[in-house]
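One structure below.
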Amino acid sequence: MDNNLLAEALFPDTAETPDFYENLYPPRNLPEGAVVSRLAPSPTGFVHLGNIIQGLTSERMSHQSGGVLFLRIEDTDAKREVKGGVRSIIEGLSHYGIEFDEGAGTDGDFGLYGPYRQRQRVKIYHCFAKQLVREGRAYPCFCTEEELGEIRQKQISAKENIGYYGKWAVWRDKTNVEISEKLSSGARWVLRFRSQGDSKNKIKFTDLIKGGVEVTENDIDHVILKSDGIPTYHFAHAVDDHLMRTTHVVRGDEWLPSLPFHIQLFNALGFKLPKYLHIGPLMKMDGTSKRKLSKRKDKELALSFYREKGYPPESLYEYVLTVLNSNYEDWRNANPSSAAGDFKFSYKKMNPAGSLFDEAKLNDVSKNVVAMFSAEKVYNDLLIWADEFDPDFGKVLRREQQKAVLALAIGRGGKKPRKDFALWSEVKDKIGFVFDEYFSYTDKIEGFDKSDIIEVLRAFAKSYDSDDDREKWFEKIKVISEEAGFSPDIKEYKNNPSLFKGSVADVSSFIRVAVTGRLNSPDLYDIMKLLGKSATLRRITNFEEVL
RNA sequence: GGCCUGUUAGUCAAGCGGUUAAGACGUCGCCCUCUCACGGCGAAGACAGGAGUUCGAUUCUCCUACGGGUCACCA
């Protein structure tokens, strides 16, 4: 029985030959140097930072070069599938600025190289698998889980390398007659790749991020089709990325160890190997040691974590870019108002090692990003966040839109904009006091006589005119200070503290606490303006009672 | 355990055989200032260890240590 007959016995329904698909999916007509890249998530619906990191890298490489970015769904493991998962992945990525030129979409697939969901491509995989069988490069294996377990145990006790290879590969050297007999008994089988590698040999390989790597040849006969006929990742990767004409594969470096196998597969199938970019893992501090961020343990890996906290997507985008390309920050400092997309992304600036996720840095980046937003954009984005995660605040923002925008506009714009919040969840705490719902006399004034405070507040209330400009307004406070025995000049007070009860700074703080409830606030003049005269005076009057 | 890979300040990082070893975040100090935030100035703080190659190693090679990854009919 020759291999052709075995191939027919294994794949009776597969009529097409590889040529058929080669013609169906011709090489793309793209300019020299255009990158075709993809994102290939499982449909778990769980979008995490790793997706963004890989997605942004692929997206930049593709779009910057005039190439193509597509989305392929790796749904070969049914156990992983979550209903609605594809949609939430697409929406999640889009939220962070990653859009696809072709691939799986919320309303079905689009593009000429589909289908883009692997379970819909089974026919294609079988065609290439059949070819490998014909050529003697793949064979069925009937081992049960128990048998594989036994092999493994023997290998452990004999201290040999673990895996299905060489003499341990029990079905590797069976005759086609033996195989055919087993097959006709109806036994379940998987298709294994017949490796011609030797673990004593090394192969050299260039990864665009890691540089030259030297890896041991693969000698394991890995499974390429599971017993349900669905391919494993490895086989699907080879077939899909070839037929979809991918030029650059961006993936996590946990794939590096299986690279030797992938190289063998591409060679055996007669495919040209794409370029690889293996990205180091994102780590976090765990006690005193670093470890890879884990989907199960670390909430900060999930994008939902950032949405809940209210990081604008632009901030995360910006942060990821600073992690990916070390020169991004310098570029950003030199071009503060340019769009992030104008930055020239380069894989050469990517770090081969994993980097630690740094929330403090993210906050700083976010602060700068938010500072560049207009008050209207802050209001809109804040409202969207609040509606979902702080509905009461959302209601207030909606009702008091004008006041909210004015409050958010204080200190915004200009050369040195305020940078007082990085996330939407911080906003209520910073400026919530402008709304009566969130106003309370939180901070206490210490170290001054109550009577002095009251005297100052009464004088201020009496003199306050909402038509005063900033200078006049502050002049009045200085006058009040002097009349109450406080120095209008801070330097003067510092030089002779014993001559005064305090300075104009202290007087200002009395008024500030009365009006905002806080010792610290944005510009007090602007706050009074937006509160209006009556509300300002009411708060001052009420504060006297509190005292 | 085998195999792979990485290691420059607390963190992110420049650096490609000769540098006073950039810069950013964080920390601390000073200045500006009605508070805060911003901004300005400054300080502390690093080439994991050991061999070798070299006139000269952060940079090249090897070993050790430590970190990370991977060894599925998961991706």
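Between residue A:479 and residue A:299, the FRET efficiency estimated from the beta carbon spacing at R0 = 51 angstrom works out to 0.40.
When a/c is below 1.5 the answer is rounded, else prolate if a/b is larger than b/c, else oblate, so apply that to region A:120-268 with a ≥ b ≥ c taken from the square roots of the Cα gyration tensor eigenvalues. Since a/c reaches 1.5 but b/c is at least a/b, the shape of region A:120-268 is classed as oblate. Applying D = kT/(6 pi eta Rh) to region A:437-493, where Rh is the Kirkwood radius over alpha-carbon pairs, T corresponds to 10 °C and eta to 1.306 mPa s, the Stokes-Einstein value obtained is 123 µm²/s. Taking only the Cα atoms of region A:68-115, the ratio Rg/Rh comes out at 0.96, with Rh defined as the Kirkwood radius.
Over all projection directions, the Cα-based convex hull of region A:46-178 averages an area of 12.3 nm². If you plug the beta carbon distance of residue A:442 and residue A:291 into 1/(1 + (r/R0)^6) with R0 = 45 Å, you get a FRET efficiency near 0.70. Since only A:451, A:431, A:413 are under comparison, the one whose Cα sits farthest along the positive direction of the charge dipole of region A:410-466, derived from C-beta charges on Lys, Arg, Asp and Glu, is A:413. Dividing the alpha-carbon radius of gyration of region A:460-547 by the rule-of-thumb value 2.2 N^0.38 Å gives 1.08. In the full protein context, region A:37-191 carries 46 Å² of accessible surface per residue, based on a 1.4 Å probe and ignoring ligands, DNA and RNA. Each label was represented as a point 7 Å from its Cα along the Cα-to-Cβ direction; for residue A:29 and residue A:202 these points are 4.6 nm apart. Scalar couplings 3J(HN,Hα) for region A:334-341, obtained by applying the Karplus form with A = 6.51, B = -1.76, C = 1.60 to θ = phi - 60°, are 7, 10, x, 10, 6, 6, 4, x Hz; x denotes Gly and Pro. Checking the cross-link pairs A:309/A:430; A:462/A:529; A:419/A:533; A:83/A:299; A:367/A:428; A:275/A:348 against a 18 Å limit on the alpha carbon distance flags A:419/A:533; A:83/A:299 as lying beyond it. Annotation for residue A:544 and residue A:523: the two label points, set 7 Å from Cα along the Cα-Cβ direction, are 2.9 nm apart. Computed log10 I(q)/I(0) for chain A at 0.11, 0.12 Å⁻¹: -1.02, -1.15, from the Debye equation with unit scatterers placed on every C-alpha and solvent omitted. Only the Cβ atoms of Lys and Arg (+1) and of Asp and Glu (-1) were treated as charged; on that basis the dipole of chain A about its Cα centre amounts to roughly 780 debye. Each Lys and Arg adds +1 at its Cβ and each Asp and Glu adds -1 at its Cβ; summed about the Cα centre, region A:248-390 shows a dipole of about 840 debye.
Sorting A:203, A:477 by solvent-accessible area of protein heavy atoms yields A:203, A:477, largest first, with a 1.4 Å probe. Loop-resident trypsin sites (Lys or Arg not before Pro) (DSSP state other than H, G, I, E or B) in region A:389-489 with no more than 10 further Cβ atoms inside 10 Å of their Cβ: A:415, A:444. The calculated P(r) of region A:211-254, using every Cα pair and 5 Å bins from 0, goes 5, 16, 18, 23, 25, 11, 2, 1 in percent. By the rule of a C-alpha distance below 14 Å, with chain neighbours fewer than 8 residues away ignored, the aspartates and glutamates paired with residue A:210 are A:253, A:254. Solvent-accessible surface of region A:197-273, taken per residue with a 1.4 Å probe and all protein chains present: 38 Å².
Of the whole protein surface, residue A:8 contributes about 90 Å² of accessible area at a 1.4 Å probe radius. Between residue A:327 and residue A:387, the FRET efficiency estimated from the beta carbon spacing at R0 = 25 angstrom works out to 0.05.
Over region A:139-270, Cα pairs under 8 Å with separation of 6+ residues give a relative contact order of 22 percent. Once backbone amide H atoms are built at 1.01 Å from N, residue A:210 has A:278 as its partners under 5 Å, excluding neighbours fewer than 5 places away on the same chain.
In this rough spin-label picture, where each label sits 7 Å from Cα along the Cβ direction, the residue A:254-residue A:496 distance is 7.2 nm. Across the options A:488, A:477, A:514, the greatest Cα extent toward the positive end of the charge dipole of region A:477-547 (unit charges at beta carbon of Lys, Arg, Asp, Glu) belongs to A:514. The apolar share of the surface of chain A, taken as the fraction of accessible area on carbon and sulfur atoms (1.4 Å probe, ligands and nucleic acids excluded), comes to 49 percent. Working from the Cα coordinates of region A:184-276, the gyration tensor eigenvalues give, after taking √(5λ), semi-axes of 25, 17, 11 Å in decreasing order. Within region A:352-411, the percentage of alpha carbon pairs spaced more than 16 angstrom apart rounds to 55%.
The values are calculated or read from the model by the stated rules, or taken from the named source; none is laboratory data. Worth saying up front: this structure is predicted, and the values here are computed from it rather than measured. Heads up, the Cβs are rebuilt from the backbone with ideal geometry, glycines too, and the neighbour counts pull from every protein chain shown. Accessible surface is based on the protein model in full, side chains and every heavy atom, while ligands, DNA and RNA are left aside. Shrake-Rupley method; radii C 1.70, N 1.55, O 1.52, S 1.80 Å.
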